Structures are given as C-alpha cells and as structure tokens.
Amino acid sequence: METAAEVGTPRQVVFDREDQLQQIQSGLMAGEQLFAVYDAKGAATGFLALTDRRVIIQDKSYIGKKIAMLSLPYTRIATVGILSDKSWMGNFYSTSEILITTSSGTHHEVMFRGNDKAKYVHDTILFYITK
C-alpha cells in the first residue's frame, strides 16, 4: 500500500467510523488534506488521523470524562515505529501498534484493528519526517 504522500494526487479519505471522520473534518485548517482516520483499540485512544501537515490523536486517558485532541505536526515528530511482540514468518508488520515519539520526548502508542493500518500510518509519518 502506498502512503498518501507518495500518491501525490487528491484521493478518497480512508476511515473506519463516520462520526470520527466528521469530527476531524470539522477541525481541519484551510487547505489541509486529510488522508485517513483510523479507529484505535484500547481505553486511552479513540482514533488517529493523518493529514498532509500533522498526526491527530484523540486521547481519552484524562481523569474525569475529558478527551484531548492532540495535534502532532510532522516537524515535531522525532521517531515512528511499529511495536511487535515478535516477527512471525518474517512478517514484521504482523502487529498493529504504532509508537510515535515527539522531539520533546513524549511517547504516543496507538493500537489499530488491522495490520495494514499500522504499516500505512508508519510509512506516511516516516515519509513526512524524512522529507
């Protein structure tokens, strides 16, 4: 699967849930292109979105019923990796969890429903942070 950046032409947004897509679309900056909105597994994260300018993570880990929308510009991302318990049959992308580290040292882990989503997120972020 090519990253959204490699395609270089406008394309249909890939998403898991319509409500998450609408929430992200309502908060985009003028001219910002949305690539994907993926639902996340686990208690702390709601979803992750990729645009041509940033990664957006919905974080539900705050005390009370507060939810944060974290915006991580690609220029502030230091590393991106795929977390794996093991490599099975030579397929490193058998996991579906991403680790993003910012230049300030903050770590964000997001687990996805489906192996291809983690690879797509990884490859898209890597493309932008190595430009």
Query raised in the report: Which of K60/K131; K60/K117; K66/K131; K41/K66; K65/K119 have a Cα-Cα distance over 28 Å?
Result: K60/K131; K66/K131; K65/K119
Requested in this report: Return the distance in nm (one decimal) between the two label points of a simple spin-label model at T102 and R76, each offset 7 Å from Cα along Cα→Cβ.
Outcome: 0.4
Report task. Tabulate in residue order the Karplus-calculated ³J(HN,Hα) for the range 108-116, using 6.51 cos²θ - 1.76 cosθ + 1.60 with θ = phi - 60°, rounded to whole Hz; enter x for Gly and Pro. Result -> 10, 10, 9, 9, 10, 9, x, 5, 5
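Just so you know, all these numbers are worked out from the coordinates, no wet-lab data involved. Just so it is clear, the model here is predicted, and its values are computed rather than measured. Glycine also receives a Cβ, built like all others from the backbone with ideal geometry; neighbour counts cover every protein chain displayed.
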